[in-house]
Structures are given as structure tokens and as C-alpha cells.
């Protein structure tokens, strides 16, 4: 089946760039991501004194020759990455002006990153939230799993009020192991409540990435004549003369974007402000390359 939100050429161009975790992960298969546990992979971490019962094959005889003491080599254990894509499917995600609807753009990002993750041997899952999480697809590493995710995305239509905050709390409690949680939303919810949900995720030691999805028209607010503005979640409306409210609106919108970004940075989340007129391939490329470890770090 062909999906509108997948482009094979984009997948091919981005396929050589790994998606890296920024924080230590845990998993049950050997992978490319740093783990908080000690193991026996090829990357040396530190020495510790030998204690009875340790594997003698890990003794460092050169250290013994220098100090006449037994030391064990410890290594960083690598592991696989689990990623949870949290797709906001509330009514406001259906907004579009001259470009893609927010939710369609979010599907492109989530589907492409899911494909890249599973292609590199990691696991991807999907949570779609409206007033509550109504779809949950646990992460797996199986390529066939992608079709289930993509079919679910294709069938998803935006409606109702947002349940993002409650969804994030549920996800924080349900995920038993450290994971990468990727949130795709316009974040039109109570900012303090959102902050608490992000803190809950971070307290559980998850790596958080936030794609803040907005339409260029919402930022620029360049309407030229009176309009009826309709809330796409509860259908309330108001008629306004844009010229009379534009300055206050832009100021309030700017304050909102800055506050959301600060709340994300407070929990060390990877924050990306996205407008739907941008090139989504460039967004993903920058996201992937920004997460690559710098030389000399891991």
C-alpha cells in the first residue's frame, strides 16, 4: 500500500544517518546505544578492583604488572533504542492555511523516523491521543510492524479536544524501561500542566523530543479583513477585525512559543519549532545530525 506520508527517495537519502539516543538506554538486545549498565562491549569505561567471583578473563594483566593489584576492566554496554511516537490527533491538528494540515505534516515526520529506526534495528511504537489515548501500538523491531503503524496513521483523523497531557502521564507510567519519547503536537494545552507531564517523563529518565507543530499563518497573523475564528476543538467562535488585535495576538503568540520552549529545555528535551511550510526532509536531517555524538563523546 502506498502512503501519502512516505517518500521512498527521502527514506533512501536519510537512511545512512543513525538516530541516536541522547541519554543512556536499556534494552534486551545488543545495539548501538549507550546503556547505564556495565557490560562487555568493545568500548572501555573504567577499572575497578577485582573481587572474588569476577570473571578472570576480564583481569587486566598490564595493570597487575604495574601495581601488583588485580583490576577488572569495565565496559559500556550497548543496547537497543525504543522510541514512542506520541501523535496529537485533537481537532486543532487539522488546521491548515496554504500548506499541509498539521496532522499530515506530523504523520510525515513520525512515519519517516519510524522507518529509519526499525531499519537500523531499533524499536518504534505509536500512541495517538485525543481526549484520551485511543490507540496504543507497543514498540517492536519487526519490519512488518511498520505496516500496522502506517495503516493506523492513515486512518487517523483529527477531532475533539486534546488529551496530550493525560496521555504523557500514562505513557510515563507505562514505559518500564528508558525510551525516546517523540511528541508531535501544536501544544495548545495548559502550559503548566504540560510542564508537569514533561517532568514526569524526565523523572522516569526518558529521552524527550518535542516537535512543536504550527502553521505559518498562526505566527504571522496576516489576515486583511474581518474573520470568524473558530476553535477547532470545541467549535466556539469569535468574529474579529485582525488589524485591531494583530499586535496583541503576535505578542501573546510569541510569549506562548517562548514559554513552551523554556518548559522543554527545563527538562532537557530536544525542542523543535516546526511550521508546516518547511521542508520535512530538512527537518529530519537536522534532527538526526544534531543528535549525533560529537567527536570524543558518547
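A short reminder: the numbers here are calculations on the coordinates, not readings from a lab. It should be emphasised that the depicted structure is a prediction, and the values quoted were computed from it without experimental measurement. For neighbour counting, all protein chains shown are included, and Cβ atoms are generated from backbone atoms with ideal geometry for every residue, glycine included.
Given the convex hull of the Cα atoms of segment 178-294, what is a quarter of its surface area in nm²?
Working: hull surface 35.3 nm².
Here the figure is 8.8 nm², rounded to one decimal.
Using Cα centres only, tell me the gap between segment 86-165 and segment 214-275 in whole Å.
23
Please arrange 191, 275, 56 by how many other C-beta atoms lie within 10 Å of their C-beta, fewest to most.
Ranking 191, 275, 56 by Cβ neighbours within 10 Å, fewest first, gives 56, 191, 275.
Taking neighbour counts of Cβ atoms within 10 Å as a proxy for exposure, in what order, fewest first, do 108, 62, 205 appear?
Numbers: 108 23, 62 9, 205 15.
Fewest to most other Cβ atoms nearby, the residues stand as 62, 205, 108.
Taking the Cβ of each residue in 93, 253 as the centre, tally the other Cβ atoms inside 10 Å and list the residues starting with the fewest.
253, 93
Just need the relative contact order of segment 76-146 here, percent rounded to a whole number, with Cα pairs under 8 Å and 6+ apart.
37
Mind checking the full-extension length gain between residue 262 and residue 7? Use 0.36 nm per residue of separation minus the Cα-Cα distance, one decimal, nm.
88.5 nm
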